[in-house]
Amino acid sequence: MSITGNGLHHRSRRRLKRRKQEKGSIDIRKEMQTFSPGDTVVVSPSPYRQRNIPHRSFFGLNGKIIEKRGRAYVVEINKGSSKRRIDLMPVHLEKLN
């Protein structure tokens, strides 16, 4: 029998899979989008950019942009009764209207 791993992307094949229409295409607009502090965003990881991808427990959560650090943004997310701050690339964020 094989032993399964316990890495960061453990059991996330379905969550990080691209749809058939998206295969082979890279959306440069998501890479270049900008946010300002105070914007509300949704964490939606992009499978074609595995760098700086958040942990799967943050997938689909709403957060608020706190500041910009280099090319990434610091996002404050309410997780249960605590607030978490994570650094994310703009590829993994979508603006919430």
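Between ILE3 and ASP39, the FRET efficiency from the beta-carbon distance, with R0 = 35 Å, is close to 0.20.
Across the range 1-93, the relative contact order, built from alpha-carbon pairs under 8 Å that are at least six residues apart, equals 27 percent.
Going by neighbour counts of Cβ atoms within 10 Å, the residues VAL41, VAL74 line up, fewest first, as VAL74, VAL41.
Summing +1 for each Lys or Arg and -1 for each Asp or Glu among the other residues whose beta-carbon sits under 10 angstrom from that of SER57 gives +3. For the peptides 50-59, 6-15, residues were scored by their other Cβ atoms within 10 Å and the scores averaged per peptide; the highest-first order is 50-59, 6-15. Determine the shape class of the range 34-95: with a ≥ b ≥ c the square roots of the Cα gyration tensor eigenvalues, call it rounded for a/c under 1.5, and otherwise prolate if a/b is greater than b/c, oblate otherwise. The shape class here is oblate.
Sorted ascending by nearby beta carbons within 10 Å, beginning with the fewest, TYR73, TYR48 become TYR48, TYR73. Listed by Cβ neighbour count within 10 Å, with the fewest neighbours leading, ILE28, ILE3, ILE86, ILE66 appear as ILE3, ILE28, ILE66, ILE86. The calculated 222 nm mean residue ellipticity attributable to helices in the chain amounts to -1000 deg cm²/dmol, summing -39500 (n - 2.57) over DSSP H runs of n ≥ 4 and dividing by all residues. Given the pairs LYS23/LYS83; LYS30/LYS64; LYS30/LYS83; LYS20/LYS64, which span a C-alpha to C-alpha distance of over 29 angstrom in this model? Distance filter (> 29 Å) returns LYS23/LYS83; LYS20/LYS64.
Each reported figure results from applying straightforward, stated rules to the coordinates on display, with no laboratory input. Being a predicted model, the structure only gives us computed values, none of them experimental. Heads up, the Cβs are rebuilt from the backbone with ideal geometry, glycines too, and the neighbour counts pull from every protein chain shown.
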